[in-house]
1. Restricting segment 99-127 to residues that are farther than 22 Å from His240 by Cβ and touching an Asp or Glu at 6+ places or on another chain (Cβ under 9 Å), which is surrounded by the fewest Cβ atoms within 10 Å (Cβ to Cβ)?
2. Consider segment 10-69. How many of its residues are among the hydrophobic types (A, V, I, L, M, F, W, C) and under 23 Å from the mean Cα position of the chain (by Cα)?
3. Restricting segment 388-411 to residues that are hydroxyl-bearing (Ser, Thr, Tyr) and more than 7 Å from the ligand (Cβ to nearest atom), which is surrounded by the fewest Cβ atoms within 10 Å (Cβ to Cβ)?
4. Show the residue pairs that are 6+ apart or on different chains and have beta-carbon atoms under 7 Å apart, the first residue being within segment 295-313 and more than 16 Å from Gln420 (Cβ to Cβ), the second being of a type in the set (Lys, Arg).
5. If Leu204 passes every condition in (1) surrounded by fewer than 16 Cβ atoms within 10 Å (Cβ to Cβ); (2) at pLDDT below 85; (3) aliphatic (A, V, I, L, M) but one, which one does it miss?
6. Please specify each residue of segment 32-58 satisfying the condition of being surrounded by fewer than 16 Cβ atoms within 10 Å (Cβ to Cβ) and either at positive phi or at pLDDT below 90 (or both).
7. Could you run through segment 321-352 and say how many residues are buried (at least 21 other Cβ atoms within 10 Å of the Cβ) and more than 17 Å from Arg440 (Cα to Cα)?
8. Of the numbered conditions (1) within 14 Å of the ligand (Cβ to nearest atom); (2) farther than 24 Å from Ile117 by Cα, Glu315 fails exactly one; give the number of that condition.
Amino acid sequence: MVTVSPKKKANYPPGPKTHPLLGILPEYAADPIGFMSRSAQEYGDIVHWKSPTLSFYQLNHPDYIEELLVKKNSLFTKHQTFHILRKIWGNGLLVSDGEFWQRQRRLMQPAFHREQIFAYGEVMVDYTKRLLKNWHEDEIRDVHEDMMHLTLEIVAKTLFGTELLEDVTQVEKAMQVSIEYFEARNNNMLLYLTPEWLPIPINLRFKKAVQQFDQLIYRIIQKKRESGKNSHDLLSMLLHIQDEDGTRMSDKQIRDELITLLIAGHETTALALSWTWYLLSQHPEVEQKLLTELQTVLAGRTPTFADLPKLIYTERVIMEVMRLYPPVWAMSRQALQDCEIAGYPIRTGDGVVISPWVMHRDSRYFEQPEVFNPDRWANDFVKKIPTFAYFPFSGGPRVCIGQSFAKMEAVLLLATILQQFKLTLVPNQEIVPWTAFTLRPKYGVKMLLNQR
Ligand code: HEM
């Protein structure tokens with residue numbers, strides 16, 4: 001728990017002039033990524049801004065981001081704005097802290113080891129082929145919706161050994177409600193100041209979404225327990241784990257971890273793929289190069305994990321997509337004690353925010369940063385830039401646990417789908433990034449399908 005220390009005369013870095021009562025909220029809420037990009041351009045590597053009740057430092061230099069995520073990681077916790085999500089995620093890995101987080105991370109890590117995730121490759125490809133059976137010639141589909149469905153089913157099958165079947169729609173609805181709730185509470189002044197217990201429609205909708213999630217997850221846990229089988233997936237492992245003193249993880253804690261993995265483990269990868277379909281449709285020369293690689297390496301067969309080292313250009317495409325459209329477009333932390341970042345004093349309770357969107361478009365590290373160019377990643381380019389100039393999966397001890405899972409999934413799904421279908425963007429639709437908790441295409445991505 002963070003308690004705010006008394007105000008001292010502060011030495012603030014530069015920052016935008018703000019409304020005396022509302023702080024930066026009106027400007028931020030109108031266009032969060034525009035606001036953060038302008039702040040970086042106008043005020044430099046560290047910027048200070050205030051919302052009505054919060055004080056934030058925005059870091060726009062890889063060294064300062066490293067200071068936050070690696071060197072001084074233990075002095076910070078996830079920011080309190082994140083804690084709205086605690087209502088749904090409970091105390092799962094993404095929001096838990098301290099020794100408790102350390103223990104949970106240690107327990108879950110084996111499910112994400114390279115050897116283990118290789119075994120998931122087959123499920124990933126099989127489920128993709130199942131989806132493609134429902135795609136038809138000349139059909140128009142919202143591929144963003146399809147990617148969300150597919151990655152959700154994959155995470156449930158690989159990590160919990162569960163077929164979601166008709167529950168997929170329920171999970172998606174509950175997720176939509178919670179993301180809208182998070183976005184609305186953080187960006188709408190009136191809601192921001194409204195107590196969460198007030199029985200207004202948005203609060204009631206959110207409460208119902210949490211209940212629906214709970215019912216589903218407890219049902220999954222119950223079924224697995226009744227089956228009595230140790231099927232070597234993460235859920236079985238969590239059910240069987242015992243501490244040295246013989247205690248087991250409570251159902252509530254297992255619920256929190258499952259819900260976290262279900263949410264964190266599907267939407268982000270789905271977004272990487274949705275933005276891939278969009279960018280490929282705008283860059284036929286990249287699509288052609290990709291097809292040539294797939295033809296050379298796979299010659300029409302479906303990919304396996306063994307093909308991954310040879311799908312070099314495919315991997316570069318995914319990296320470049322996540323540079324321009326990082327699914328997690330910003331991350332925030334809160335100081336647990338007085339400290340310093342970039343030579344500036346940070347007080348207990350202050351917020352620090354970093355944005356892959358802003359860093360990934362910084363011309364100091366990326367030539368022509370607005371251009372979609374997967375070839376920029378050739379010749380080990382990633383080793384030539386500072387580590388935190390490109391950080392779609394964050395870094396330091398809180399780095400994404402599903403990084404290898406996600407990279408493999410994105411490459412396998414892209415290679416499987418692209419070999420079978422050509423996707424053409426339906427004209428006259430707006431493709432706009434929506435900075436909800438993640439970076440979503442606001443109105444989806446409608447594509448025309450043609451068999452190859
Ligand atoms: C392209 C896909 C993905 C991206 C871009 C992504 C990005 C991230 C980022 C940036 C964080 C750190 C958040 C912060 O520090 O505030 C994170 C954490 C996390 N991610 Fe991912 N992620 C992806 C896929 C996955 C997958 C597939 C899983 C699980 C199957 C997963 C599970 C998690 C979990 C549990 C955490 C919390 C880790 C901790 O704090 O110990 N993610 N992810």
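The values are calculated or read from the model by the stated rules, or taken from the named source; none is laboratory data. A quick note: this is a predicted structure, and the numbers were derived from the prediction, not measured. A quick note on method: Cβ atoms are made from the backbone with ideal geometry, for glycine too, and the neighbour counts reach across all protein chains shown.
1. Checking each candidate, the answer is Tyr127.
2. Residues in segment 10-69 being among the hydrophobic types (A, V, I, L, M, F, W, C) and under 23 Å from the mean Cα position of the chain (by Cα): 11 in total.
3. Ser404
4. Tyr313/Lys289
5. (2)
6. Of everything in segment 32-58, those that are surrounded by fewer than 16 Cβ atoms within 10 Å (Cβ to Cβ) and either at positive phi or at pLDDT below 90 (or both) turn out to be Gly44, Pro52, Thr53.
7. Result for segment 321-352: 8.
8. The single condition Glu315 does not satisfy is (2).
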